[in-house]
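One structure is given below, encoded as C-alpha cells.
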Amino acid sequence: MKGEVSLGKEFTKGLWRENPVLVMLLGLCPTLAVTNSVKNALGMIGAVFFVLTCSSIMVSLIKKLVPPQVRIATYIVIIATFVTMADRFLAAYFPALSKALGPYVPLIVVNCIILGRQEAFASRHGVVASVADAVGMSLGFGIALMLLSSIREILGNGTWLGVPIVKGLFTPWQVMILPAGAFLALGVLVSMVRYFKNR
C-alpha cells in the first residue's frame, strides 16, 4: 500500500505541484516556440512523452552499470538516441508537422526537463517509479502546452486545431501568435498558478 501511495505521488507531482513549465519554469524555449498552434503543441508533447519515458526506463535499468564520472554523457547519448527516433518518425510520417516544429524536436536532447529527470530521479529509482515520474512530468508538460497553445491559437487565429470556433465574435489578435503573445500568455498562466498555489 505504501508503494502505491508513493507511485501516485510521483505521478501526480508533475501535473500540478511540480509542473515542469508552469511551476518549475523548465523547457521554456520549445514551450514558447511551438505553441502558436495546438497541432504543433501536440507534436511536441508526443515527442517529449516518448523521449522522457523511454530514456527514464533505460537510465533506471543501467544506473548501476554507469560510472559516476560519465553519467551525464551517458544520459545524453541515451536521450539523443530516442530523440533521433522521434525526429525521424515525425519526418517520415508527419512531414508537415516535422517542418513546422523545425529544430525544436532535435533540441529535446538538451531540454532541461528531460536531462533533469534522469539525473534527479531515474538514476536513483527503480523502473516502475521512474515510469510514473516520467509519465506524470510528460502529462504536466502536455497540460501546460495545451493550455498555452489553445489560448494563443484561439485569440490569435480564431481557430482550434485549425477549425474556426469564434468566427465573427472578435477580430483575432495577431500578436498572440507572435513571440510577444507567447510571453504574455505564459506570464498570465504562471501568475494564475502562483495565485492558486499560494491560496
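Side notes on the structure shown:
- From the list 86, 92, 41, the lone residue that is buried (at least 19 other Cβ atoms within 10 Å of the Cβ), farther than 22 Å from residue 150 by Cβ and small (Gly, Ala, Ser) is 86.
- Candidate set from the range 18-38 (those that are closer than 25 Å to residue 81 by Cα and of a type in the set (A, V, I, L, M, F, W, C)); member that is surrounded by the fewest Cβ atoms within 10 Å (Cβ to Cβ): 29
- Counting the residues of the range 117-170 that are within 13 Å of the chain's Cα centre (by Cα) and among the aliphatic types (A, V, I, L, M) gives 10.
- Scan of the range 88-144 for residues that are more than 29 Å from residue 7 (Cα to Cα) and of a type in the set (Lys, Arg), ordered by number: 88, 99
- Residues being of a type outside the set (Ser, Thr, Tyr) and buried (at least 18 other Cβ atoms within 10 Å of the Cβ) - total across the range 98-114: 7
- Residue within the range 52-67 that is in contact (Cβ under 8 Å) with a residue 40 or more places away in the chain and closer than 30 Å to residue 191 by Cα present: yes
- Filter pass, residue 99 being basic (Lys, Arg) and outside any helix (DSSP H, G or I): no
Throughout, read-outs are computed from the coordinates displayed, never taken from laboratory work. Worth saying up front: this structure is predicted, and the values here are computed from it rather than measured. Backbone-built Cβ (ideal geometry, glycine too); neighbour counts: all protein chains shown.
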